[in-house]
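Notes follow once the structure below has been shown.
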Amino acid sequence: MIGLEVEHIEDKAKALSPFSIARVISAEQHPNADRLRVCMVIPATAAHRCRWSAARRTRAAGLISVFSRPALSIPGKNITLGVGTIRGVESRGMLCSAAELEISEDHDGIMELPADAPDRAPYAQWAGLGDPVLEINLTPNRQDCTGVHGIAAIFPAADMGKFKDPGIKQIKANSPAP
C-alpha cells in the first residue's frame, strides 16, 4: 500500500510472550551426574520448581534468568519442552540461553539478567521487545526511501506510527574556515 515490499516481520514480543523471569533459589550438585546441577527456581507458577542445568552460571543461588515451562516451544532449538527426567531427577522447565530464544548468538550458558529483574514477570515485556521489526525491500519508484529518514517518514502517512524528526543539529565551527 505504501510502495515498499515487506519481506519479513519479526515480532519477538509475540514469540517470547510465554517466557518468564525466574530466580534460582538453590543450585545443588546432581546426585548422579558430575556436570549437572539441580536448581530450584521461583518461576511463573509454584508448580514448576525443580529443574536441572549443565550451565556454568548456575553454580550458586541468586541467578536471575529466563524460564520456559513444559509445553513451550524453544525457538532456537526447534523443540517443544516436556517434563523430563535425567538420571533420576525430574525437570519441569528450563532456564534459557540467548541463542535458545533467538535474541543473540550467545551459546555461552543461560542468560543472566540484572538483579532488579522482577520475579515471574513476562520476559518480553520486561526486555522491551514490544516493537515488531519490518524487513523491507526498496522498489525502483521509491528513491525517497533509500535512507532510514525517508522510510520513517512514509510509515506515518499510512497511519502506521508517528514520525519523530529530531531535525538537523547545528555544529559550531571552531576554526577560521566558514
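The values are calculated or read from the model by the stated rules, or taken from the named source; none is laboratory data. All of these numbers come straight from a predicted model, not from anything done at the bench. Cβ coordinates were reconstructed from backbone atoms using ideal geometry, including for glycine residues, and neighbour counts include every protein chain displayed. Accessible surface areas use protein heavy atoms only, side chains included; no ligands, DNA or RNA. Shrake-Rupley method; radii C 1.70, N 1.55, O 1.52, S 1.80 Å.
If a/c stays under 1.5 just call it rounded; otherwise compare a/b with b/c (prolate if a/b is bigger, oblate if not). Do that for the chain, with a ≥ b ≥ c from the square roots of the Cα gyration tensor eigenvalues. The shape class here is prolate. Taking the Cα centre of region 130-175 as reference, the dipole from Cβ charges on Lys and Arg (+1) and Asp and Glu (-1) amounts to some 300 debye.
Using a simple spin-label model with pseudo-atoms 7 Å out from Cα toward Cβ, residue 164 and residue 87 lie 5.0 nm apart. GNM remark for the chain: springs join alpha carbons under 10 Å apart, and the peak mean-square fluctuation among 134, 113, 101 falls on 134. Using only Cα atoms and rounding to the nearest 10 degrees, what angle (0 to 90) does helix 148-157 make with the longest principal axis of the chain? Taking the Cα atoms of the chain, the angle to 148-157 is about 90 degrees.
Dipole magnitude for region 97-178: computed about the Cα centre from +1 point charges on Lys and Arg Cβ and -1 point charges on Asp and Glu Cβ, it is near 800 debye. Straight-line cross-link partners of residue 14 among the aspartates and glutamates, defined as a Cα under 14 Å from its Cα and at least 8 positions apart when in the same chain: 102, 131. Here the dipole of the chain is about 720 debye; that uses its Cα centre as origin and unit charges on the Cβ of Lys and Arg (positive) and Asp and Glu (negative). Remark: the chain carries 63 Å² of accessible area per residue (probe radius 1.4 Å; ligands, DNA and RNA excluded). Karplus-based coupling profile of region 79-91, in residue order and whole Hz: 10, 9, 6, x, 6, x, 10, 10, 6, x, 10, 7, 10, with θ = phi - 60° in 6.51 cos²θ - 1.76 cosθ + 1.60 and x standing for Gly or Pro.
Over region 61-178, what percent of the accessible surface lies on carbon and sulfur atoms, probe 1.4 Å?
Numbers: 4160 of 7890 Å².
Whole-percent figure for carbon plus sulfur exposure: 53.
Ranking 38, 64, 19 by Cα position along the charge dipole of the chain, where only Lys, Arg, Asp and Glu carry charges on their C-beta atoms, puts 38 farthest toward the positive end.
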